[in-house]
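Worksheet for the structure shown next.
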Amino acid sequence: MCDVAELYETANSAASMGCGCSYELYVQKLTREIDHTASHLAPDQAAALQEYARQKGDYAPDADDFHLEGFCCHGIEYGCCPAGCEAPEEDEWESEDEEAARIALNEEIMAEIEAEEELARLSAIAVRDAQVLDRINSIRRRLAA
């Protein structure tokens with residue numbers, strides 16, 4: 001049986017990486033992490049993890065459907081978002097299709113950022129592994145001499 005508290009903390013840590021993000025973006029990232037982790041578990045374990053996350057309060061699977069007036073998709077006021085989101089002019093409000101396309105693009109960008117972070121993490125692991133193997137080979141050479 002899996003420890004849901006441990007799985008939640010792992011997802012929470014992953015969602016918090018590169019933070020400085022708004023609470024709304026954090027909730028979106030945490031929800032995505034919880035759902036991703038749950039997709040690799042047995043159905044009863046997945047349900048337990050999602051219920052535990054709901055009880056913690058930051059898991060919101062329906063958060064993508066919610067949009068605050070005056071705020072961009074990152075949950076930051078228009079004009080203040082580091083991603084450059086600006087309020088559309090009164091006559092430029094997006095249609096639902098345009099909004100969906102923008103949200104899809106945002107998700108694609110987030111996936112690219114996460115992939116880059118994962119690549120950096122794997123590169124760091126490879127460097128540490130190479131150092132360990134060099135050390136082992138050095139010890140073996142000394143023992144063989």
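Every number in this text was worked out from the coordinates using simple rules, so none of it is lab data. Quick caveat, the model's predicted, so the values are computed rather than measured. Glycine gets a Cβ as well: all are built from the backbone with ideal geometry, and neighbour counts include every protein chain shown.
Taking only the alpha-carbon atoms of the stretch 95-145, what semi-axes of the equivalent ellipsoid follow from 5 times the gyration tensor eigenvalues under a square root, in whole Å, largest first? Walk me through the numbers before you get to the answer.
Numbers: eigenvalues 477, 4, 3 Å².
Semi-axes from the Cα gyration tensor: 49, 4, 4 Å.
May I ask you to derive the FRET efficiency for Met17 and Ile139 from their Cβ-Cβ distance with R0 = 35 Å, giving the value to the nearest 0.05? In this case the efficiency is close to 0.50.
Summing charges over all other residues whose Cβ lies under 15 Å from the Cβ of Ala5, with Lys and Arg as +1 and Asp and Glu as -1, gives -4. Here the calculated FRET efficiency for Glu51 and Ala126, from their Cβ-Cβ distance with R0 = 25 Å, stands at 0.10, rounded to the nearest 0.05.
Could you give the length gained by full extension between Thr10 and Glu86, i.e. 0.36 nm per residue of separation minus their alpha carbon distance, to one decimal place? If you can, show how the numbers build up before the last one.
On the way: separation 76, 0.36 × 76 = 27.36 nm, distance 3.35 nm.
Value of the extension gain: 24.0 nm.
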